[in-house]
1. Taking Kirkwood radius over Cα pairs in Å straight from the coordinates, which label in (1) 15.4; (2) 17.9; (3) 13.8 is the correct one?
2. When Lys and Arg each count +1 and Asp and Glu each count -1, what net charge do the other residues less than 14 Å away from Q46, Cβ to Cβ, add up to?
3. Mind listing the phi-derived Karplus ³J(HN,Hα) values for the stretch 44-57, rounded to whole Hz, using 6.51, -1.76 and 1.60 with θ = phi - 60°, and x for any glycine or proline?
4. Taking θ = phi - 60°, what integer Hz values does the Karplus form 6.51 cos²θ - 1.76 cosθ + 1.60 yield along the stretch 32-42, in sequence order, with x for Gly and Pro?
5. Connecting C-alpha atoms closer than 10 Å in a GNM of the chain, tell me which of V40, V16, V53 has the biggest fluctuation.
6. Through the Karplus equation 6.51 cos²θ - 1.76 cosθ + 1.60, θ set to phi - 60°, convert the phi angles of the stretch 9-19 into ³J(HN,Hα) values in whole Hz; use x for Gly and Pro.
7. Amide H neighbours of R24 under 5 Å, at least 5 residues apart or on other chains, H built in the peptide plane: list them.
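Coordinate-derived values only; no laboratory data. In this text the structure is predicted, and so the values were computed from the model without any measurement. Heads up, the Cβs are rebuilt from the backbone with ideal geometry, glycines too, and the neighbour counts pull from every protein chain shown.
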Amino acid sequence: MVDVACEAAETAIFGVFCIIDGVRAIENSPDKGGYEIYYVKADHRQLLNDPEVGPLHDIFQSMTARR
């Protein structure tokens, strides 16, 4: 039962990351928006979902892949 719950949670998180990365649509129009997630502290601002680093869903999947 724990494995099923863990897999369900990982699938849900993966899906959220797909939405954040823009590869899973949440709106049905040609003019779609996008997400930018930043960590902000004082005068420092860092983009957390930087496409140059790699899609969050791919990074997450590589960390949770069953061997």
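1. (3)
2. Values: positive: K41, R45; negative: E36, D43, D50, E52.
Value of the local net charge: -2.
3. Values, residue by residue: 9, 9, 10, 6, 8, 10, 6, x, 5, 7, x, x, 4, 5 Hz.
4. Values per residue, Gly and Pro as x: 8, x, x, 10, 10, 10, 10, 9, 10, 8, 6 Hz.
5. In the Gaussian network model the winner is V40.
6. 5, 5, 5, 5, 5, 4, x, 5, 5, 4, 5
7. Result for R24 returns I19.
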